[in-house]
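Read the structure below first, then the notes.
The values are calculated or read from the model by the stated rules, or taken from the named source; none is laboratory data. For clarity, every value in this text was computed on a predicted model and none was experimentally measured. Ideal geometry is used to build each Cβ from the backbone, glycine not excepted, and the neighbour counts take in all protein chains shown. We work out accessible area using only protein heavy atoms, side chains counted, and drop any ligands, DNA or RNA first. Shrake-Rupley method; radii C 1.70, N 1.55, O 1.52, S 1.80 Å.
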Amino acid sequence: MAFSLSTVSSPKIFLPSDGFLRSPSQTRLRPFFARPVPGPKTWFSSKPISISTGFHRRQPVKMAAATGSKQLTVFETEEELAVSLAKYTAEISDKFTRERGAFTVVLSGGSLIKALRKLTEAPYLESVEWSKWHVFWVDERVVKLDHPDSNYKLALDGFLSKVPIPPNQIYAINDTLPPEGAAEDYEARLKQLVWDRVIKVVPTSGLPRFDLMLLGMGPDGHVASLFPGHPLLKETQKWVTHITDSPKPPPERITFTFPVINASAYVAMVVTGSGKAGAVHKALSGGENTGYTDRLPVEMVELEQGEFTWFTDKAAVSMLNEKDTGL
């Protein structure tokens with residue numbers, strides 16, 4: 001099943017006669033940085049995923065459920081999505097900077113960077129403790145950092161240059177190395193930061209536990225540089241690996257592996273547009289899979305102990321129906 005977790009992290013819930021779990025109106029989610037505003041209910045399905053529509057409103061961030069949780073949020077417009085994503089990111093940043101004096105956040109490329117634009121505006125530009133941020137990339141193209149294909153350049157131009165994060169806390173790849181060497185170097189730097197206690201570690205596995213990964217998804221369901229049917233989907237030993245035959249140009253890249261992605265405390269999957277509706281439908285419809293070649297990479301993001309939230313617009317979920325979502 002697309003969602004195989006056993007529990008949902010949610011408010012107090014009631015079980016109506018139709019068998020689907022829904023939250024009562026008094027448990028609607030409220031924002032941390034804004035006053036309550038009128039909005040629709042949040043529904044909880046009998047599957048381990050919660051669904052909300054319209055403008056998303058969140059409680060202050062709490063610790064993730066021990067077995068992980070998944071939530072789908074659907075917005076009327078991309079603008080509303082960007083507003084909510086900024087609140088969500090700022091809440092999690094505040095949580096970890098207060099708890100341990102650092103916040104480790106992992107970026108991807110594509111349209112995600114545009115979706116983060118509200119963080120560069122008031123109130124977040126002044127209220128977020130940017131000096132505590134440590135920024136990484138879930139994948140990167142093996143090109144020069146000033147190349148148009150570079151995820152670093154995309155993030156720098158659209159986001160990082162507009163907020164006061166210390167430059168030595170932004171961890172770009174070594175662009176002088178070939179793909180294999182760049183992946184090995186990036187993994188070595190992560191291990192040093194674990195040793196330095198900048199990045200937390202999962203005690204049972206020794207894997208790095210990033211506070212937040214902000215991810216996107218391609219129309220084919222790929223995440224990071226992990227593509228459908230590719231052997232790298234089965235990589236379990238390395239934290240960071242390389243690919244030289246990416247089906248999407250440029251072909252040479254480095255990427256985090258699924259064990260690292262799935263060790264995260266929080267993951268936001270930001271997906272918009274009708275071009276991704278087919279992959280969203282497969283990922284959320286709960287169809288059976290018979291092996292890794294049948295699963296989209298996005299379906300393989302299954303947090304061990306964390307909270308996974310989809311941020312989508314109506315176009316991205318246009319192929320879903322009530323049966324798919326459990327509403």
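Summed over the range 159-189, the residues that are of a type in the set (A, V, I, L, M), under 25 Å from T89 (Cα atoms) and either out of contact with any Asp or Glu (no Cβ under 8 Å at 6 or more places or on another chain) or without any contact (Cβ under 8 Å) to a residue 40 or more places away in the chain (or both) give a count of 5. For the range 273-293, the condition of being open to solvent by 30 Å² or more (accessible area, probe 1.4 Å) and touching a strand residue (DSSP E or B) at 6+ places or on another chain (Cβ under 6 Å) holds for none of the residues.
Please find, within the range 167-190, the residue that is surrounded by the fewest Cβ atoms within 10 Å (Cβ to Cβ) out of those that are part of a loop (DSSP other than H, G, I, E, B) and out of contact with any Phe, Trp or Tyr (no Cβ under 8 Å at 6 or more places or on another chain).
In the first step, residues of the range 167-190 are kept if they are part of a loop (DSSP other than H, G, I, E, B); the result is 171-178.
Still in the list and also out of contact with any Phe, Trp or Tyr (no Cβ under 8 Å at 6 or more places or on another chain): 175-178.
Numbers: D175: 16, T176: 9, L177: 16, P178: 11.
Top of the filtered list is T176.
Restricting attention to the range 145-191, the residues that are among the aromatic types (F, W, Y) and closer than 18 Å to F103 by Cβ total 2. Looking across the range 191-235 at every residue that is among the polar types (S, T, N, Q) and at pLDDT 95 or above, the one that is least open to solvent (accessible area, probe 1.4 Å) is identified as S225.
Confirm whether P123 is surrounded by fewer than 14 Cβ atoms within 10 Å (Cβ to Cβ) and more than 19 Å from E91 (Cβ to Cβ).
Details: surrounded by fewer than 14 Cβ atoms within 10 Å (Cβ to Cβ): yes; more than 19 Å from E91 (Cβ to Cβ): no.
So P123 does not fit the description; no.
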